[in-house]
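Working notes, beginning with the structure itself.
Any read-out appearing in this document is the output of simple, stated calculations on the displayed coordinates, not a laboratory observation. Since the model is a prediction, treat every value here as computed from it, not as a measurement. Cβ coordinates were reconstructed from backbone atoms using ideal geometry, including for glycine residues, and neighbour counts include every protein chain displayed.
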């Protein structure tokens, strides 16, 4: 009985060490810091339908003609970042805020058969948000910039083609203020790019 109890204790210690010692790992969409756990949740639909261009006086017959004015807008989605204080902290440990310093967005083609969805590069943006211990904040993130839509391969969708579909990972990178512990956490959704008729 003592051996079984000791084995169970070793497993618990190993799990605790793994959670507190991983350098920026993610698990289940959350990040375990020394005093809090952070998670991210998107307010947008999945799949998110991204209209590559807006047209003035457009019809299916006149798209792309000189009389048709084309405007490209970025797509922004709100993400709720929630902090949960780790339970049963020692009395002398004060839960820490977390400073988010950047976000990385990666796009994995969802269609690899012919015609395949082309690759698009990851996007990186600086952040300067403080998530209070036990609190939450809403952070708008540009998931498809104007520059992305204005250049190949997405610009080739204007006036036809596609859709191009991707699995998207939004990874937030932050640091616990009092401990300087660095961690990353992420959330996922899918996106379809197409030039919809306005």
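How would you classify the range 26-194 from its alpha-carbon gyration tensor, with a ≥ b ≥ c the square roots of the eigenvalues: rounded for a/c under 1.5, else prolate if a/b is greater than b/c, otherwise oblate?
On the way: a/c = 3.38, a/b = 2.58, b/c = 1.31.
It comes out prolate by the Cα gyration axes.
Please work out the FRET efficiency for the pair residue 130 and residue 167, using the Cβ-Cβ distance as r and a Förster radius of 45 Å; give the result to the nearest 0.05. Don't skip to the answer; put the middle values down first.
Numbers: r = 30 Å, r/R0 = 0.67.
After rounding, the FRET efficiency stands at 0.90.
Show me the ranking of peptides 142-150, 33-41, 123-131, 84-92 by mean Cβ neighbours inside 10 Å, starting with the highest. Intermediate results must be reported in sequence, preceding the final value.
On the way: 142-150: 18.2, 33-41: 20.2, 123-131: 13.8, 84-92: 9.6.
Ranking the peptides 142-150, 33-41, 123-131, 84-92 by packing returns 33-41, 142-150, 123-131, 84-92.
Just subtract the alpha-carbon distance of residue 69 and residue 91 from 0.36 nm times their residue separation and send over the number in nm, one decimal. Before the final figure, lay out the partial values.
Details: separation 22, 0.36 × 22 = 7.92 nm, distance 6.35 nm.
That pair, residue 69 and residue 91, stretches by 1.6 nm at full extension.
Apply 1/(1 + (r/R0)^6) to the Cβ-Cβ distance of residue 151 and residue 41, taking R0 = 35 Å, and write down the FRET efficiency to the nearest 0.05.
On the way: r = 30 Å, r/R0 = 0.86.
Efficiency, rounded to the nearest 0.05: 0.70.
May I ask you to derive the FRET efficiency for residue 197 and residue 175 from their Cβ-Cβ distance with R0 = 45 Å, giving the value to the nearest 0.05? It would help to have the intermediate numbers written out before the result.
On the way: r = 46 Å, r/R0 = 1.01.
Computed FRET efficiency for residue 197 and residue 175: 0.50.
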